[in-house]
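First comes the structure, then the notes that go with it.
Laboratory data are not the source of any read-out in this text; all were calculated from the coordinates shown. Being a predicted model, the structure only gives us computed values, none of them experimental. All Cβ positions, glycine included, derive from the backbone under ideal geometry; neighbour counts span all protein chains shown.
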Amino acid sequence: MPSDSWTDARLDDLAATLRPLPQQLARVATALEHLTDETKALRADLSQSQRQIAQIGWALSGALIAALIALILALA
């Protein structure tokens, strides 16, 4: 009989090796779900930061325009 034949012992070894697979898969799925949640939170934080940067930019633009108008009126 060849050494690579499927014996009961080899099948038992294979079953023992595969037995923890469902628990490992469940842990990976849980970690992936947690990672997905973290990604959503990071995207929300990034969007909020971009909105704040835009607001600051508009405020600085408004202040510059106001200063230019004041300068023009003072020189006129």
(Q) For the chain, what does the helix formula give at 222 nm: sum of -39500 (n - 2.57) over DSSP H segments with n ≥ 4, over the residue count, nearest 500 deg cm²/dmol? (A) -31500 deg cm²/dmol
Q. Which residue, chosen from L11, A70, I53, occupies the Cα position most advanced towards the positive end of the dipole of the chain, where the dipole is computed from +1 (Lys, Arg) and -1 (Asp, Glu) charges on Cβ about the Cα centre?
A. A70
**Q.** Descending principal axes extents, region 8-75, alpha-carbon based, whole Å
**A.** 99, 14, 6
Q.
Using only the alpha-carbon atoms, how far is helix 8-18 inclined from the longest principal axis of the chain? Give it as 0 to 90 degrees, nearest 10.
A. 10
Q) Relative to the present Cα-Cα distance, how much length would full extension add between E38 and L60 at 0.36 nm per residue of separation? A) 4.6 nm
Q. HN-Hα J couplings of region 49-56 from phi, Karplus 6.51/-1.76/1.60, θ = phi - 60°, integer Hz, Gly and Pro as x?
A. 5, 5, 5, 5, 4, 5, 5, 5
